[in-house]
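Worksheet: one structure, shown below.
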Amino acid sequence: MKRAWWIALMLPGLASATPKNWEVFKTTYGTAESSKIFASGCNVCHVEAKFPGRNSYGAALEEKSDNAAAITAANLHAIESIDSDGDKFSNGQEIQADFLPGDPTSHPAGEPKAPPATTSGGTTDRPEAAASSELIPLHSFHPAVVHFPIALFLFGILLEFWGMRGRPEARLAAKYSLIGGAAATLLTIPTGLAVFLRSGFKWEGTPLLHFILAIAATALMIGVSVWRMKEEPTSKLYWALLLLTGALVAAAGHFGGVMVYGA
Ligand code: HEC
């Protein structure tokens, strides 16, 4: 008897707080009563067998809602471009076509027109299904090649200054190190762009800063290298340019590190 009382007391609480998410969903998308999504109800976001466990779509929403009492329309819109269940169709595409965004077996026929992003930007967690179906890993080998321009170019600067103090062989070594560093950007820029586009980073904040600094650093590295190929510069302008370029390379590397390891 006592237990029945507790359940009776808790029911209104449950009914008012959490299934509200269903109401928010229906209102946001104007879900028709005849639709497949409507028939799935709570299981658009929950796993029937492990209720109220969240499926991949529900979990993505929960993360966006910051465990607030209920999700908002903004939370729903925020994960529309993501493919939570890893079936290659974004949540938005699936909801529009009346398929379940948290069920990898439910999706429109054929191939998606535009492949969706697999993460919500800045985060590295993503559905396993999407990870294993990709031939080229999401990092696109950017982390493997990104150290070459940084290390070679900065080492080249060091050698230039060493060579300036009466060590001609250091200046010769510096030349090849600087040119090698600039040449390595041929690998880092395309792989970096690939990560940007494939992992759904937004063009804002740290990723944007990293991108701008990397492009600026690359332009200057190439400029310095071309100059260095032609002659062995001794002007103040050259040393200033060398230091500026080194600072940009270091700054680009720093913000790249922040993107991966956090601030
Ligand atoms: C649009 C997605 C969505 C739908 C549809 C939905 N829920 Fe939820 N539900 C969530 C999320 C996300 C949470 C986690 C708490 C939060 O962020 O609101 C949650 C949490 C809950 C919880 C709390 C359990 C816990 O572990 O904290 C219960 C109970 C629940 N939902 C019941 C329901 C019922 C019943 C329905 C159907 C009427 C429903 N939900 C429909 C997204 C949804």
Which residue pairs have Cβ atoms under 9 Å apart, sit 6 or more places apart or on different chains, and have a first residue in the stretch 26-50 that is free of Cβ contacts under 8 Å to residues at least 12 places away in the same chain and a second that is near the ligand (Cβ under 9 Å from one of its atoms) and of a type in the set (D, E, K, R)? Val47/Arg54
Across (1) in contact with a helix residue (DSSP H, G or I) (Cβ under 9 Å, 6 or more places away or on another chain); (2) modelled with pLDDT of 95 or more, Val260 clears everything bar (2)
Counting only residues that are touching a residue at least 60 places away in the same chain (Cβ under 8 Å) and of a type in the set (Asp, Glu), how many does the stretch 206-263 have? 1
Residue hits (the stretch 51-95; more than 17 Å from Gly200 (Cα to Cα) and either touching a residue at least 60 places away in the same chain (Cβ under 8 Å) or not assigned by TED's automatic domain parsing to the domain that holds Pro112 (or both)) are Ser56, Ile95
Reported set for the stretch 56-65 where residues are near the ligand (Cβ under 8 Å from one of its atoms) and of a type in the set (Asp, Glu) is Glu62
Every listed condition ((1) more than 9 Å from the ligand (Cβ to nearest atom); (2) under 25 Å from the mean Cα position of the chain (by Cα); (3) at pLDDT 85 or above) holds for Lys113 save (3)
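Restricting attention to the stretch 41-85, and to residues there that are among the polar types (S, T, N, Q) and assigned to a loop (DSSP other than H, G, I, E, B), which single residue is surrounded by the fewest Cβ atoms within 10 Å (Cβ to Cβ)?
Asn67
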Condition check: crowded, with 21+ Cβ neighbours inside 10 Å, part of a helix (DSSP H, G or I) and aliphatic (A, V, I, L, M). Does Ala217 satisfy that? yes
Of the residues in the stretch 165-205, how many are closer than 19 Å to Ile82 by Cα and touching a Ser or Thr at 6+ places or on another chain (Cβ under 8 Å)? 5
Out of the residues in the stretch 16-55 meeting the condition of being among the acidic types (Asp, Glu) and modelled with pLDDT of 90 or more, tell me which one is nearest to the ligand (Cβ to nearest atom). Glu23
Whichever residue in the stretch 170-210 is within 12 Å of the chain's Cα centre (by Cα) and polar (S, T, N, Q) and, among such residues, is modelled with the highest pLDDT: Thr206
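The values are calculated or read from the model by the stated rules, or taken from the named source; none is laboratory data. Model, not experiment: these values are computed from the prediction. FYI the Cβ positions are ideal-geometry reconstructions off the backbone, even for glycines, and counts take in every protein chain you see.
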